[in-house]
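Since the structure comes first, as structure tokens, the remarks are kept for the end.
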Amino acid sequence: MRLSAKSRFAVAAMIDLALREQSGPVPLNAIGSRLQISLSYLEQLFAKLRQSGLVDSTRGPGGGYTLARSALTISVADIISAVEGSKVLHADEASEAGEAGWQMTRDLWTGLSSRMMEHLQSIKLQQLCEEQRAKGVQVEERPAGRRGIFTARKPEPVKTSAPNSVFALAAALAAKH
């Protein structure tokens with residue numbers, strides 16, 4: 001049983017997403033810059049999280065990711081299983097070189113894996129977010145109405161002294177002579 005960096009990054013990214021999703025979809029590049037994780041790596045992780053039904057994606061301007069379920073129902077075990085696969089928390093099978101040792105300790109490792117799975121299942125994403133807020137993690141607020149789309153300035157009317165039609169031009173030339 002081994003939890004990889006992939007698992008740690010996925011849990012951290014999900015915490016970041018859950019902390020900020022009230023303002024709308026959270027872009028992966030924003031998560032990546034805050035957590036210092038490459039965008040391509042996050043895209044791989046979030047593809048697996050989306051396939052597992054933990055996040056939803058929104059395309060286009062103002063798009064990004066949101067939680068597919070409440071943070072109260074998403075456990076750390078759900079996140080890890082999504083990115084690592086369901087075998088991550090099961091005891092490793094014996095290799096030919098260690099078959100005898102594996103047989104002697106199988107129950108120990110199987111029991112440990114089971115207890116660890118129970119513990120990770122009991123830790124919810126909401127709890128991790130509350131811990132981060134208690135530590136003073138600052139969550140910048142984005143205006144909910146804008147969501148990445150900026151309103152264009154109204155063009156100012158062009159002020160000109162030139163006539164605005166052929167008839168006005170003719171009248172202006174006739175007045176000069």
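Read the figures in this text as sums done on the coordinates, not as results from a lab. What you are looking at is a predicted structure, and each value in this text was computed from that prediction instead of being measured. Virtual Cβ from ideal backbone geometry, glycine too; neighbours counted across all protein chains shown.
Take 111-124, 42-55 and order them by the average number of nearby Cβ atoms within 10 Å per residue, most first; the result is 42-55, 111-124.
Just how far, in whole angstrom, is the range 1-58 from the range 65-87 if you go by their alpha carbon centroids? So the two Cα centres are separated by 11 Å.
Computed from phi, the 3J(HN,Hα) profile of the range 7-12 under the Karplus parametrisation 6.51, -1.76, 1.60 (θ = phi - 60°) reads 5, 4, 5, 5, 5, 4 Hz, with x in place of Gly and Pro. Counting beta carbons within 10 Å around each of S23, S33, S81 and listing the fewest first gives the order S33, S23, S81. Cβ-to-Cβ counts within 10 Å put D16, D56 in ascending order as D56, D16, the fewest first. Our coupling estimate for the range 25-41, obtained by passing each phi through the Karplus curve with A = 6.51, B = -1.76, C = 1.60 and θ = phi - 60°, is x, 9, x, 5, 5, 5, 4, x, 6, 5, 9, 6, 10, 5, 4, 5, 5 Hz, Gly and Pro reported as x.
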